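Below is one structure; the comments refer to it alone.
FYI, it's all coordinate maths here, none of it is from the lab. These figures come from a predicted structure and were not determined experimentally. With ideal geometry, Cβ positions are generated from the backbone for all residues, glycine too; neighbour counts draw on all protein chains shown.
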Amino acid sequence: MSLIYFKQKASSFKEYYLALFRLFSPISKLQSLNVRCSMAIKEKHKLASDWLDLLNGLIPHGTIVELPVLTGSMVPLIVPGNTIRIMALSGKQIRRGDIIVFREGKTLTTHRLLARFTLGTWSIIYQKGDVNRLGKWIHTGQVVGMVVAVQDKNGLVTTISNRDGDKKARNEALRQLALACWNTALLFPRFIKNKFKIKIHEFRMEIGDSVIGITCPTLKYFKYLSDYFSVRNSEREPDITVNLNFIHHEESIEIPDSLFTTKKIMNNNFIIAHGLVHGKIGPEINKIQLWVKTGLAHGQAIRVFEQLLYQIFYSCRKIKLNDSLLIHSSGVIYKNCGFLFAGPSGSGKSTIASLSGDYHVLNDEVCLIEFHDADITLHGTPFNGYFKNKMSGSARLKAIFIISHGRVNSISEIKRSEAVKQLAKEIIPPVPIEEHLNRKIFIDMLDMADRLYRSVPIYKLEFIPDSGFWIEIDRLFY
Amino acid sequence: MIRLDSIPIPVNGLYVKELGDTIIILSDNGDELHSLDEVGGFIWRSINGSSTVQDIIVMLLQEYDVGKSQAEEDIKNFLFELEEKKLIKI
């Protein structure tokens, strides 16, 4: 269970607040907004400073701090949205069964202590979240506190006792320990299997509802690609798997701008950009073999390589019969709603993202829109622009802005035909990897754009490089 | 040469989408996207395979405040352009 409250790394907290104050201080005509926001900031600030102090071991032992919980690894004992009371203490004072809070890099985690091993002054403990299959050994020195009570959303406080002869917590710890041992034993056959098999490295990319499994026989490229896409491996089974092979070459090769237009297809085989990429579908419809010249996975070329993944995503969408599209845009979640900023390169997508660092930035290059019966949702993707702190997530799509740099921040209405033409240009052509880019695809893009126009408010946003455009958006919607 | 009794016919296989007062036409081979404004759209809608150029001029004169010779010239130019872009046959 992670306790990072704002999902920001601790090192950027200071910048985060500075940016927030910068955002609101120069506006004198919006005083009420100003006051409301600075109060919110104070409230957040206290939480953040407690969090930071606890992380850095600055809270005197015995003092209790309260922090909200965001994740569910200790369900049902602690549910996301609960507040926990943590007593700061050192690792020496804890025992089996305690719900401990410990530091791991720059995050705080709350798990149950299952076992402890001490050798002289050196001491390690085995901890696990109640819902996790396996635990992990950590140094006792990483412990910063112990949970003494949990407060639910209604304010009801339950104390957690592992002292005064109450055996409940210790018994639970033993049960969890037995579970972890059993799960470890279950891993053993897989371990043996992996030892004697040629190791295939797989990462699973989640793009909205779809999961693309990519296997890569070379560790070097596997690491490079999974790092580049900062893939948090999906736990879901892949809907489509891509077996990615790299072909080394001596000669220098030309990387085209587009991997959409130069595709040649014969039966289940396809060749892109005169052999830069070739591949085939099969044996099943959701298995793709790809051979890619290594030049396409280096430096800037990887941005072109991403176009293969767009097409694979669309293959996946076809198999799953999903109603969705990828669009060149910057996506931000603000007040629990999704806002999409679309425009050609140079229109300021990354600028918008970096000016929205206070909010939940999904992506500054490519976002996913999913159509559902009742609403339309906006999702982040693993694809990369220039903004580095993108976060995964999704929200109901509230509005789309077609952006351009201007001399003031201003939002204006846009004609249907104009909106559709501009948006259609930014939709990534919905071409499955095994199909040609054809006229029907353009029609689909226009129809998709028009559908967006009819379902979501679309505006033109001219902005100057400062986060004041959020105030204009606030005025429009809140 | 476009004559007044010529009958313009839309080419088969075009994709036509009306977006408010604008009409978008995607060419047969999918290479070109044309966009017609309000007046262009009005004329496009009048091209139905049975109206002659003369009929279209009359319809335009009823709808818009424009001189007859001016309308005739504009429509001829417009139809010429549509034919050149392979959107209609005359």
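The fewest-to-most ranking of A:Leu219, A:Leu174 by surrounding Cβ atoms within 10 Å reads A:Leu219, A:Leu174. Computed across the range A:390-478, the Kirkwood hydrodynamic radius from all distinct Cα-Cα pairs reaches 14.8 Å. Using every pair of separate Cα atoms, the Kirkwood estimate puts the hydrodynamic radius of the range A:290-402 at 14.6 angstrom. Put a dot 7 Å past the Cα of A:Thr121, heading toward its Cβ, do the same for B:Arg3, and the two dots end up 11.0 nm apart.
Which of the listed residues, B:Gly49, B:Leu79, A:Phe203, is farthest toward the dipole's positive end in the protein assembly as shown, when Lys, Arg count +1 and Asp, Glu count -1 at the beta-carbon? The one lying farthest along the dipole's positive direction is A:Phe203.
Taking one equal scatterer on every alpha-carbon of the range B:50-90, how large is log10 of I(q)/I(0) by Debye at q = 0.18, 0.33 1/Å? So the normalised log intensities are -0.50, -1.11. Give me the percent of DSSP beta bridges within the protein assembly as shown that run antiparallel, rounded to the nearest 5. Counting only bridges with both partners in the protein assembly as shown, antiparallel ones make up about 80 percent. With a simple spin-label model that places each label point 7 Å from the Cα along the Cα-to-Cβ direction, the separation between A:Tyr228 and A:Trp291 comes to 2.0 nm. Grouping the Cα pair distances of the range B:9-89 into 10 Å bins from zero gives a pair-distance distribution of 18, 53, 26, 3 percent in increasing distance order.
Put simply, the convex hull of the Cα atoms in the range A:415-454 casts, on average, a shadow of 2.6 nm².
Of all alpha-carbon pairs in the protein assembly as shown, indicate the percentage at a distance above 32 angstrom. Distances greater than 32 Å cover 61 percent of the Cα pairs.
Among DSSP bridges having both ends in the range A:201-320, what percentage is antiparallel? Round to the nearest 5. If we restrict to bridges inside the range A:201-320, about 65 percent are antiparallel. Note on A:Lys293: aspartates and glutamates with a C-alpha under 13 Å away, same-chain residues under 8 apart excluded, are A:Glu250, A:Glu251, A:Glu254. About the centre of its Cα atoms, chain A shows a dipole size close to 1300 debye [charges on the beta carbon of Lys, Arg (+1) and Asp, Glu (-1) only; nearest 20 debye].
Of the residues A:Asn171, A:Trp122, A:Gly105, the one whose Cα sits farthest toward the positive end of the charge dipole of the range A:88-209, with +1 on the Cβ of Lys and Arg and -1 on the Cβ of Asp and Glu, is A:Trp122.
Relative to the current alpha-carbon distance between A:Cys181 and A:Asp375, full extension at 0.36 nm per residue lengthens the span by 65.4 nm. Note that the range A:57-198, at 10 °C in a medium of 1.306 mPa s, gets a Stokes-Einstein diffusion coefficient of 99 µm²/s from its Kirkwood radius over C-alpha pairs.
Expressed in units of 2.2 N^0.38 Å, where N is the residue count, the Cα radius of gyration of the range A:192-275 is 1.30.
Relative contact order of the range A:201-320, taken over Cα pairs closer than 8 Å and 6 or more residues apart, is 24 percent. Determine the alpha carbon to alpha carbon distance for each of A:Lys318/B:Lys85; A:Lys106/A:Lys320; A:Lys153/A:Lys320; A:Lys92/A:Lys167; A:Lys320/B:Lys86; A:Lys136/A:Lys318 and list only those over 31 Å. Those over the limit are A:Lys318/B:Lys85; A:Lys106/A:Lys320; A:Lys153/A:Lys320; A:Lys320/B:Lys86; A:Lys136/A:Lys318. Ranked by how many other Cβ atoms sit within 10 Å of their own Cβ, fewest first, the residues A:Cys216, A:Cys367 fall in the order A:Cys216, A:Cys367. Think of each Lys and Arg Cβ as +1 and each Asp and Glu Cβ as -1; about the Cα centre, that makes the dipole of chain B roughly 300 debye. Taken about its Cα centre, the range A:201-320 carries a charge dipole of roughly 220 debye when the Cβ of each Lys and Arg holds +1 and the Cβ of each Asp and Glu holds -1.
In chain A, the DSSP-assigned H stretches of four residues or longer account for a calculated mean residue ellipticity at 222 nm of -9500 deg cm²/dmol, using -39500 (n - 2.57) per stretch and the full residue count as denominator. Rg/Rh for the range A:227-352 stands at 0.99; both radii use Cα atoms, and Rh follows the Kirkwood definition. Summarising the strand pairing of the range A:324-477, around 70 percent of its internal DSSP beta bridges are antiparallel. Calculated FRET efficiency, A:Glu250 to A:Val408, Cβ-Cβ distance, R0 = 45 Å: about 0.25 to the nearest 0.05.
Pairwise Cα separations in the range A:324-477 fall into 5 Å bins from 0 onward with the following percentages, short to long: 2, 10, 20, 24, 22, 14, 6, 2, 1, 0. Computed extension gain for A:Asn336 through A:Asp323, at 0.36 nm per residue and net of the alpha carbon distance, reaches 2.4 nm.
Set against the 2.2 N^0.38 Å expectation for a compact globular protein, the range A:153-302 has a Cα radius of gyration ratio of 1.59.
Based on C-alpha pairs under 8 angstrom that are at least 6 apart in sequence, chain A has a relative contact order of 10 percent.
Sequence-distant contacts, meaning Cα pairs under 8 Å at least 6 residues apart, place the relative contact order of the range A:52-209 at 21 percent. For A:Lys398, the aspartates and glutamates whose Cα comes closer than 15 Å to its Cα, not counting residues fewer than 8 places off in the same chain, are A:Glu370, A:Asp375, A:Glu472, A:Asp474. Once you reduce the range A:107-165 and the range A:289-365 to the center of their Cα atoms, the two points are 39 Å from each other. Would you calculate the separation in nanometres between label points at A:Arg190 and A:Ser90, each defined as 7 Å from the Cα along the Cα-to-beta-carbon direction? Computed distance between label sites A:Arg190 and A:Ser90 equals 3.9 nm.
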